[in-house]
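Asks: Can you read through this structure? Questions will come right after.
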Amino acid sequence: MLNLRKVYLIVDKSNTAAIHVYEKCGFRHEAELIEEFFGNGSYHNALRMCMFQSEFFEANRRID
């Protein structure tokens with residue numbers, strides 16, 4: 001098992017479907033990255049989303 005304090009991801013802000021899935025998994029918004037991606041002739045903003053180890057274990061603890 002990896003002993004990570006925090007995991008994060010970066011997603012295009014316009015990708016609402018992916019953001020919804022990440023939120024359902026327990027990730028939360030941490031920062032907005034301005035003009036982070038270039039595609040289709042223009043720059044796009046991105047979101048950095050994160051989850052801390054304690055949040056992961058709290059969300060995934062087993063009920064015995």
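Asks: Filter the range 19-64 for residues that are modelled with pLDDT of 95 or more and charged (D, E, K, R); which is farthest from R5 (Cα to Cα)?
Replies: Among those that are modelled with pLDDT of 95 or more and charged (D, E, K, R), it is E35.
Asks: From (1) surrounded by 14 or more Cβ atoms within 10 Å (Cβ to Cβ); (2) of a type in the set (S, T, N, Q); (3) on the phi > 0 side of the Ramachandran plot, pick out the condition that doesn't hold for N40.
Replies: Just one mismatch for N40, condition (1).
Asks: Give the residues of the range 10-37 that are at positive phi and within 10 Å of the chain's Cα centre (by Cα), sorted by residue number.
Replies: Residue satisfying the conditions is G26 alone.
Asks: Of all residues in the range 7-36, which are closer than 17 Å to M51 by Cβ, assigned to a strand (DSSP E or B) and either of a type outside the set (K, R) or without any contact (Cβ under 8 Å) to a residue 12 or more places away in the chain (or both)?
Replies: The answer is V7, Y8, L9, I10, V11, H29, E30, A31.
The values are calculated or read from the model by the stated rules, or taken from the named source; none is laboratory data. A quick note: this is a predicted structure, and the numbers were derived from the prediction, not measured. We place every Cβ from the backbone using ideal geometry, glycine too, and count neighbours over all the protein chains shown.
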